[in-house]
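Just below is one structure, and these are the notes that go with it.
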Amino acid sequence: MAINRDEVCIFIPTLNEAPTIGSLIKSFRDLGYNHILVMDGHSGDGTPDIARNEGATVRVQKGRGKGNAIIEAVQFIEEPYILMLDGDGTYLPEESDIMLEPLFAGADHVIGNRLVHPEPGALSRLNSFGNEVINYLFKVAHGRFLGDILSGYRAFTHTAICGMRLKEAGFEIETEMAVEAVRNNQNIVVVPVQYKMRPGTPTKLHPFKDGARIIVTLYRLARLSNPLFYFGFMGIIMSLIGAIIGIYVTVDWFHGIEHIPLTILTVLLITVGIQIFMLGVISDLLLSFNKEIRDEIQRLCPPEK
């Protein structure tokens, strides 16, 4: 499928990427991409000036964080196709065709899987393990395995990104985009890409703090896409706590020791846990029914092209 580069916007969110942003933009321009948007997060190292000198359109975001950069950039993009990547030089412009070909063939959202071909040293063992865990949790919570939901190399149609209800301000935005793509039943394609070591500035990602926030976001967003997992997890944990306390109460009771308050707490925890779990079952049934109705409406009234 031929790629019309005039219909593509190269979107690069940046924060202090002076060592790499110039060569990155030049590479895209050499490849024939004329629409390059840099959304800068208040860099203090001259990143916006370097980007302008290389011919990119530069806008400074109002909020802070990568998520806000993506949310704010949508209103400025007019091209029907968007290729998004980080400005730190870890992704190759030469692989842009690999990312865009599925879009021009009819896909809605393309994710570049960096975990297939990372350069040695580009990902630490901790980062690799964390990515694998998060991808597995995403599959459990949202029912799809997308290879690398935290990838910063993505391509999507303007229609697809406008259909997402994005709210996350920071690094959780990639997780939210993957959740929204699945929730909207978008045609998602995963392609392998190379991942290079950062040649410029040190990473802004804090493995433990940001990893924990991503996992919490992944779980929280399951409330709408997989309520059985969301409520079921809470119900099972609460019931297990009640059961553990109940075992302790029972063992002491056989030794002639009574714990009336703990007995009441045990019953309450198990009862409430079961009720929360059942709420998840009912919510899941309602969600399935809603999806069937929506699919039937789309079948009877297909969108105009």
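Throughout, read-outs are computed from the coordinates displayed, never taken from laboratory work. The model shown is predicted, which means the values in this text are computed figures rather than measured ones. Neighbour counts are summed over all protein chains in view; Cβ atoms, including those assigned to glycine, are modelled from backbone coordinates with ideal geometry.
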(message) If packing is taken as the average number of other Cβ atoms within 10 Å across a peptide's residues, how do 14-26, 118-130 rank, most packed first?
(response) 14-26, 118-130
(message) Need the full-extension length gain, HIS158 to VAL216, defined as separation in residues times 0.36 nm minus the C-alpha distance. One decimal, nm.
(response) 18.1 nm
(request) Could you grab the Rg to Rh ratio for the chain? Cα atoms only, Kirkwood for Rh. (result) 1.09
(message) Under the rule of at least 5 residues apart or a separate chain, name every residue whose amide H is placed under 5 Å from the amide H of VAL116.
(response) VAL193
(message) Given points 7 Å out from each Cα along the Cα-Cβ axis, report the VAL251 to PHE129 separation in nanometres with one decimal.
(response) 3.1 nm
(message) I'd like the orientation of helix 18-30 relative to the chain: the angle between its Cα long axis and the longest Cα principal axis, in ° from 0 to 90, rounded to 10.
(response) 60 degrees
(request) Treating the Cα atoms of region 227-300 as identical point scatterers in vacuum, please give the log10 of the normalised Debye intensity I(q)/I(0) at q = 0.14, 0.23, 0.27 Å⁻¹, two decimals. (result) -0.55, -0.89, -1.03
(message) Sort 228-236, 258-266 by packing, meaning the average of other beta carbons within 10 Å per residue, with the highest value first.
(response) 228-236, 258-266
(message) Which one, ILE297, GLN275, HIS255, projects farthest toward the positive side of the charge dipole computed for the chain from Cβ point charges (K/R +1, D/E -1)?
(response) HIS255
(request) Anything over 32 Å Cα to Cα? Flag those among LYS167/LYS196; LYS139/LYS209; LYS62/LYS196; LYS26/LYS209; LYS26/LYS139; LYS139/LYS196, in the order listed. (result) LYS26/LYS209; LYS26/LYS139
(request) Please report the base-10 log of the normalised intensity I(q)/I(0) for region 77-163, using a Debye sum with one equal scatterer per alpha carbon and no solvent, at each q in 0.24 (1/Å). (result) -1.26
